[in-house]
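K.L.:
Got a structure here, written out as structure tokens. Questions coming.
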There are 2 protein chains.
Amino acid sequence: MSTVDNAQRAILQSMLRGELRPGLWLRQDELAKQMGVSKIPVREALQRLVARGLLSAERNRGIFVPTLSAEDAREIFGLRRALEPVLLRRSIPLMTEADWAEAEEALAGQGPTITESNWFFHRALYRAAEWSRGLAIDRDLHATVAPYVMLYTEELGGKNRSDRQHAALLKACRARDAERADKILMEHLEGAAAVLEDFLDNPLP
Amino acid sequence: MSTVDNAQRAILQSMLRGELRPGLWLRQDELAKQMGVSKIPVREALQRLVARGLLSAERNRGIFVPTLSAEDAREIFGLRRALEPVLLRRSIPLMTEADWAEAEEALAGQGPTITESNWFFHRALYRAAEWSRGLAIDRDLHATVAPYVMLYTEELGGKNRSDRQHAALLKACRARDAERADKILMEHLEGAAAVLEDFLDNPLP
DNA sequence: TGGGTCGAAATCGTATACGATTTTAGATGA
DNA sequence: TCATCTAAAATCGTATACGATTTCGACCCA
């Protein structure tokens, strides 16, 4: 695995964990020194993430974590509502015990942050579909909103409903009940979208 | 606009036009010389396109136009079927005369290749939705299959049905008949998917 | 005190350079 | 003739270097 791949994975992981606050500038020299490499591979890793929409760039100023509007959140969750049900429906008949166990593990909250655990859970549900492009698109959508989800879970702590929905969703998957799983997923996404949009529409600061 | 952006746009355009045959290796030095720049910006442009799934990379060997399997085609058109109806439904109530005119122009076949004209047509239909991320994802899906669409249109020349469907789709959009437009779009995508999958399943050489 | 200007520091974008890996072609021997 | 080994060429990955642009603070002046 090349240096660029390592750098990309490290930055993507930070994004998925919601560790990078919106508006933060990612300095090439700083990241390069931190990783003990020159800035060329760091630049390429950042460029890749910009190309995928996770980061934004301004010429001669650098690369930063984008600030999302409520309209952006609507789009991102709109895309997730378009994409995830398709992945789920393909997955359900193909899922194995290993997939369910992986989802269970994510539910238990092994991940260091809520956003990362959340992605691990959804990924476990969709992996059996074996649509790598679709999964990558969905991962990027998760990573894009993660910084905001972390912000409002710190303040609102509204994690319980999401957890109950996840548990019910996994149960429906185990029963291979596509109709029911689809219904729960849509409610889940609509609920999450509503919370985030409300947060973005009514900023506290 | 930076050198990287220029290089990226040039390569993406070639992809959308289907000018790059599957399996072709994109040599950094060659592209750099061709564009009159060093290979650093060329590398970054290629990395961006790899990150978006349009190109593939092998460490220490370079970057090439990926060869698609029939399964890949199923995924790509499955994603388009998930994505495009959502974009279209959002667009239809918002479209203006300018959007219809742009679609009309694409239908007339101004673009240099079928694949590029096809993308211009679809883009015109979805632009009013103002979902830039969704549009970018869709563009990349179009670009990924473009090399193959060019290959089989050269041999089969089955362009007529697609054109008729496009015309009917535009007519439904002008009438703001979302139901009908949705139905035509799905038939269109299923037809295109079937042709490509058949081509990939039964390779001529 | 407030606003504007200038210069130094920081940062980015790209070119050049070089070591590492892979490919290719030719020579060798069975 | 064909397989295998070897050395040269091609290509990639990364570091270093430098010019260009932006940012930021000190200074001046009203």
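K.L.:
To the nearest 20 Debye, how big is the dipole of the stretch A:3-64 about its Cα centre, given +1 on the beta carbon of each Lys and Arg and -1 on that of each Asp and Glu? Intermediate values should be presented prior to the final figure.
P.N.:
On the way: 11 positive and 6 negative charges, 18 e Å.
Charge dipole, the stretch A:3-64, about its Cα centre: 80 debye, nearest 20.
K.L.:
On to the next question. At each listed q (0.13 Å⁻¹), what is the log10 of I(q)/I(0) that the Debye formula gives for the stretch B:70-201 modelled as equal alpha-carbon point scatterers?
P.N.:
-0.49
K.L.:
Quick one: dipole size for the stretch B:19-136, taken about the Cα centre, charges +1 on Lys/Arg Cβ and -1 on Asp/Glu Cβ, in debye to the nearest 20. The partial results should precede the final answer.
P.N.:
Numbers: 17 positive and 16 negative charges, 121 e Å.
The calculated dipole for the stretch B:19-136 is roughly 580 debye.
K.L.:
What helices in chain B pass both tests, a Cα length along the helix axis of 24 Å or more and a mean Kyte hydropathy of 0.0 or higher, using whole DSSP H runs? Please report the intermediate quantities before stating the final value.
P.N.:
Details: long enough: B:70-91 (31 Å, -0.33); B:132-156 (34 Å, 0.10); B:178-201 (34 Å, 0.05).
Long hydrophobic helices here: B:132-156, B:178-201.
K.L.:
Moving on to the next point. Looking at chain B as a GNM with Cα springs under 10 Å, which of B:T153, B:T115, B:T144 has the largest mean-square fluctuation?
P.N.:
Result: B:T153 has the largest fluctuation of those listed.
K.L.:
Okay, next question. Picking from A:R90, A:R161, A:R123, which is most flexible by a Gaussian network model of chain A using Cα springs under 10 Å?
P.N.:
A:R161
K.L.:
I'd like to know which of A:N60, A:T115, A:L189 lies farthest towards the positive end of the charge dipole of chain A, counting +1 on Cβ of Lys and Arg and -1 on Cβ of Asp and Glu.
P.N.:
Among A:N60, A:T115, A:L189, the one farthest towards the positive end of the dipole of chain A is A:N60.
K.L.:
Among B:M150, A:M15, B:M186, rank each residue by its count of other Cβ atoms within 10 Å, from fewest to most, as a rough exposure measure.
P.N.:
On the way: B:M150 18, A:M15 23, B:M186 13.
The fewest-first ordering by Cβ neighbours comes to B:M186, B:M150, A:M15.
K.L.:
How many nm is it between the label spots at B:E104 and A:R59, if each spot is 7 Å from the Cα in line with the beta carbon?
P.N.:
For the pair B:E104/A:R59, the computed spacing is 3.5 nm.
K.L.:
To one decimal in nm, how far is A:T3 from the same spot in the other copies, if labels go 7 Å from Cα toward Cβ? Please give the shortest first.
P.N.:
Taking the point 7 Å beyond Cα along Cα→Cβ, the inter-copy spacings are 1.9 nm.
K.L.:
Put a point 7 Å out from Cα along the line to Cβ at B:R27; what are the distances to that point in the other copies, in nm, shortest first?
P.N.:
4.1
K.L.:
When the dipole is taken about the Cα centre of chain A, and only Lys, Arg (+1) and Asp, Glu (-1) are charged at their Cβ, what size is it in debye, to the nearest 20?
P.N.:
Values: 28 positive and 30 negative charges, 101 e Å.
My answer is approximately 480 debye.
K.L.:
Turning to a different aspect of this structure: I need the peptides B:124-136, B:44-56, B:25-37 ranked by packing, meaning the mean over residues of other C-beta atoms within 10 angstrom, with the highest value on top.
P.N.:
On the way: B:124-136: 19.5, B:44-56: 22.6, B:25-37: 14.4.
Descending packing order for the listed peptides: B:44-56, B:124-136, B:25-37.
Where a number appears in this text, it was derived from the coordinates with a stated rule and is not lab data. Bear in mind that the values here come from a model prediction, so they are computed numbers and not experimental data. Cβ atoms come from the backbone with ideal geometry, glycine included; neighbour counts cover every protein chain shown.
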